[in-house]
Structures are given as structure tokens and as C-alpha cells.
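The structure appears below as C-alpha cells.
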Amino acid sequence: MFRRFLVLSGLVLVLLTQTVVGATNSDVEELKSYVLERVEARMDQMIEASDALWNYAEIALLEYKSSKLLAGIAEQEGFKVERGVADLETAFVAVYGSGSPIIGILAEYDALPGLSQENVTFKKAIIEGGGGHGCGHNLFGAGSLGAALVLKDLILEGKLTGTVKLYGCPAEEDVGGKLYMAREGLFDDLDACLAWHPSYKTSVDVTGSQAIDDLYIEFFGKSSHAAFDPWQGRSALDALEMATFGINLLREHVKPSVRMHYVVLSGGNVPNVVPEYTKLWLWVRDSKREGVKSVLSRIENIVAGSAMATETTSHIENLGSYHEMLVNVTGSKVMQKNLEWIGPIKYSPEEVEFANKLQKETQVAEKGMVSGINKLQDPNTEPEGGSTDVAEVSWITPTLHISTTCAPFEIPWHSWAVVTSSKHSVGYKGMLLATKVLAITAVDIFKDPKILAEMKKEFHASLNGYVYTSGIPKDKKPPKRIK
Ligand SMILES: [Zn+2]
């Protein structure tokens, strides 16, 4: 069924191309049509890579086979590859071409723990507790690789001048690999950067993402027998309970855009021992980084107060601060135009049936696939809940982001159903569309210096003098995860 879609979409494209030629620079339009052909020609290679990543299903910092695969393909295709960058064993940067402009493309490939899933329309793990691509990063990685390879083809054929850099970014779901890559200055020489993400809708993303601070809060008390001599003990659990009570009271006095959520990592061992150690893992988000910072200073008071009242001591470790996404409207408009030029994905009846099955199974409305292209939103709209380390890059270079439909409408994200969709033609079609949009948007930036100049002008105006500072301390090493 998928092959039939390719042929049909090819026909549609020819028609579309004919109607838009003349509307803008015809050379660029012709080149864009050629790019779409090149993407289609690499489709089998992309699906193969995507399925391999899906099968590996490696979680954050353990993406050894996944990064080896993507970096290896880039190297075979003539890219100069540097592996293990920014002290991250599973990160890489692959470069092709020379001179400016230098356009970056981000690739992610980490899976989520506990989402192991067979390629079936009901929940069934391959390995109980194993990893699974519940965020579609297998598509993300392979699609971005495809876009970089096509741009390389064009540079090789003399149709473009400049440099393309593919960034292998590990651990998006946990740790935030790009935080470390950004701190290392790996994005500093870029003129612009492009990224995408699988979704159940199709839109150029201009409402950004939330800023977040990721914290461990520890309390240290004194143990004693909880019945025989409790007066000798000082409970770290009392302190933790007071702190969480304080955080929950604080909810009434923060802006509606603030989100705070936590889990207790350590709450003591056994009831007859007064706990001498407890640990809370807290995330604080807001639509702007300043918002997060102002809530944090209040949480520091709550933690200090809880320790004081319980005669314990406390320690707060900041694991990382993510910026909110800095949106580039100028570049996003170019991307939107390209997305509309290509047109929405079309689905076969079998694909709609597949979507409805997953929706029924996950108890959401059976609306099938929703591939209509959303209009560019007002960039001042509050971001949807969630944060991403792509935002770090957006404060270093103008960064454009698109989401494409890769899964049935409104199925729960980070779930087994997304894993299944990510190794299915509905996922492949979303990947194909994203690859095309990234590649032709890059062509616009390569070919028209005015576009890049305008993007940079907006970028510098938005920065308003701010120079990117990493949200992790200078000497903090990325964590290691043992297999
Ligand atoms: Zn994701």
C-alpha cells in the first residue's frame, strides 16, 4: 500500500509543481522538485534505518547500536564523522561540504524504558520491561539522516554550496544530550538549524516549549528506633513530607503556566527505623526560564524551612536547566510555505482501519489519521505542556521545528500504541513528509541569502543581547548508564 502512495504522491507533486512555478524563483522551485525526487529515492534506505533503530530500542545513553548505525551510514556516504562528542559516547557530529552557510540538522534516536512492544495493534511486550520507541525517535533519527544525505547529494552535484551538519543527539528523553553538546559549543558555528518530531498532527511549531529545571532534593537526618527511642531520631522523611506539603501549597500562588511534579526516590527503608535519608526528584516548568527561576527561589525557602523545622539538613542538586524554545517566525513561515506546497499526507483505507484499531484499544475517539496542515499559530500562544533540549540549540542559532503526523489522532503519547505506529506505513509517511520539508527548507536557506539574513535579524532581536549560557555547571560531566 505504501508504494502506491509514493506513486500517487509523485503525481500530485508534479501537478503542484506546475501550478507554483513562476510564483517564486523558478530555479529554486525546480531544485525543490528535484529534492523531493531525491528524498523518495532514499525512502527505502530511511525505512531500513528507522526499522533497525526501532528493533534496537535503546534507551537514553545506551544508544550504542543506534548511533553506530546512523554515524556509519553518514560516513559511508562521505560525511566526516566525529563520534563521542561532548563526553557522550553515543553522540556524533557528521559534516559534509565546506564554507557557508552551515546548516545543522538534529537527529534523535533514544527509546523509552518499559515500552517494549511487538508490532501489533494491541499491547504486547517483546521483552517485559524493555525499551520501546514510544516517542517515534526511530523515525526522527532516520528522517533527519535522510534530509542530510539528500543535501549532501546536492552539494556533491554542485547544486548547493555550503556545509550540512548532522547532529546525532542522544538521551533526549532523559539527561538531555543537547545540553552537554550546547555547553561544548558544538552548535556555535551554525547559521541555522532544522529539526522535526513525530506527532499525531502536522504543524510548523511556533508556540515553543516550556523551560524546565530538573532537581534532586535530599534530606539528611538521624536514625533511631522508631518505638524504643524515637526522641533520639531526626526524620529525613518528616522533612521530605513538609517540603512536598509546602510545594503543594505553593501551587495556589504561582502563575497558571507553572507546572511542578515530583516522585519520591527514597523515603526510608522500614517503619521501625527513623529515616536518616530521603530523596525527592522534582521538575519545575514554566513558559519562560525567568518564571522557573522565580519559583525555584521559593522552593529553596520551602526546603530550607523544612530542614530547619525537623532539625535535619538539606541539599539541592540542579541536574539541568532547559530553556524554553526561542521561536523564529521568519524561518517558520518559509517552512510553512514549503509544507503547504508539498501538501498533506493521504492514507489508504487499511491505514485508517489500523488507526481506528489503535484508537479503540487505547480508548480514544476513532478519528483515524489527521493529516490536515495546521495554520501557523500565533507565536505568543502559551506552549503546550512539555520541554525539549532542542530549545538549547534555539538560543544559539535560528532553529526551525516541524511536527508531522506519524500516529493515529490523539492516541496516548509515550505509549505502546506510538511504538506500533512507529514501525508502520503511517509512521513512514510522516517521516517522509518531515524529511522533504527539512530538505527543501534548507534549500531555501542555502539558495536565498535574504532569507537567512532575515532569520538572523529576528534571532538577534529576540535575544536582545542575551548570550547563551548553559543550564548545567561547567565541570558537571554527563552521567553514565551501565547496561
Ligand atoms: Zn520525543
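The values are calculated or read from the model by the stated rules, or taken from the named source; none is laboratory data. It should be emphasised that the depicted structure is a prediction, and the values quoted were computed from it without experimental measurement. Because the Cβ atoms are built from the backbone with ideal geometry, glycine has one as well, and the counts that use them run over all protein chains shown. Protein only, heavy atoms only, side chains kept; ligands, DNA and RNA dropped before computing areas. Shrake-Rupley method; radii C 1.70, N 1.55, O 1.52, S 1.80 Å.
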inquiry  = Quick check on Lys165: is it closer than 19 Å to Lys423 by Cα and either within 13 Å of the chain's Cα centre (by Cα) or more than 14 Å from the ligand (Cβ to nearest atom) (or both)?
reply    = no
query = What residue, among those in the range 357-385 that are assigned to a loop (DSSP other than H, G, I, E, B) and of a type in the set (Lys, Arg), is surrounded by the fewest Cβ atoms within 10 Å (Cβ to Cβ)?
reply = Lys375
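Taking the conditions exactly as written (of a type in the set (Val, Ile, Thr), touching a residue at least 12 places away in the same chain (Cβ under 8 Å), over 30 Å from Leu438 (Cα atoms) and touching a strand residue (DSSP E or B) at 6+ places or on another chain (Cβ under 9 Å)), does Ile247 satisfy them or not?
The answer is yes for Ile247.
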query = When the range 396-432 is examined, which residues are found to be in contact with a strand residue (DSSP E or B) (Cβ under 8 Å, 6 or more places away or on another chain), among the hydrophobic types (A, V, I, L, M, F, W, C), open to solvent by 10 Å² or more (accessible area, probe 1.4 Å) and closer than 14 Å to Ser371 by Cβ?
reply = none
task = Determine which single condition Phe140 fails, assuming it passes every other condition in (1) crowded, with 24+ Cβ neighbours inside 10 Å; (2) more than 16 Å from the ligand (Cβ to nearest atom); (3) in a helix (DSSP H, G or I).
result = (2)
request  = Please verify whether the range 386-400 includes one or more residues that are assigned to a loop (DSSP other than H, G, I, E, B), more than 24 Å from the chain's Cα centre (by Cα) and modelled with pLDDT of 95 or more.
outcome  = no
task = For residues that are small (Gly, Ala, Ser), within 16 Å of the ligand (Cβ to nearest atom) and buried (at least 24 other Cβ atoms within 10 Å of the Cβ), scanning just the range 175-207, find the one that is modelled with the lowest pLDDT.
result = Gly176
query = Within the range 395-412, how many residues turn out to be among the polar types (S, T, N, Q) and away from the ligand (no atom under 16 Å from the Cβ)?
reply = 1
query = Glu172 passes all but one of (1) part of a loop (DSSP other than H, G, I, E, B); (2) away from the ligand (no atom under 16 Å from the Cβ); (3) touching a residue at least 24 places away in the same chain (Cβ under 8 Å); which number fails?
reply = (2)
ask   = If you take the residues in the range 82-131 that are open to solvent by 10 Å² or more (accessible area, probe 1.4 Å) and of a type in the set (Ser, Thr, Tyr), which one is farthest from the ligand (Cβ to nearest atom)?
value = Ser98
message = Between Ser425, Ser421, Ser371, Ser415, which is more than 16 Å from the ligand (Cβ to nearest atom) and closer than 27 Å to Tyr56 by Cα?
response = Ser425
request  = Report, by residue number, each residue of the range 311-329 that is modelled with pLDDT of 95 or more and open to solvent by less than 20 Å² (accessible area, probe 1.4 Å).
outcome  = Thr312, His323, Glu324, Asn328
ask   = Can you find even one residue in the range 46-54 that is open to solvent by less than 40 Å² (accessible area, probe 1.4 Å) and not in a helix (DSSP H, G or I)?
value = no
message = Give me the residue from the range 368-396 that is among the acidic types (Asp, Glu) and in contact with a helix residue (DSSP H, G or I) (Cβ under 7 Å, 6 or more places away or on another chain) and, out of that set, farthest from Ala461 (Cα to Cα).
response = Asp389
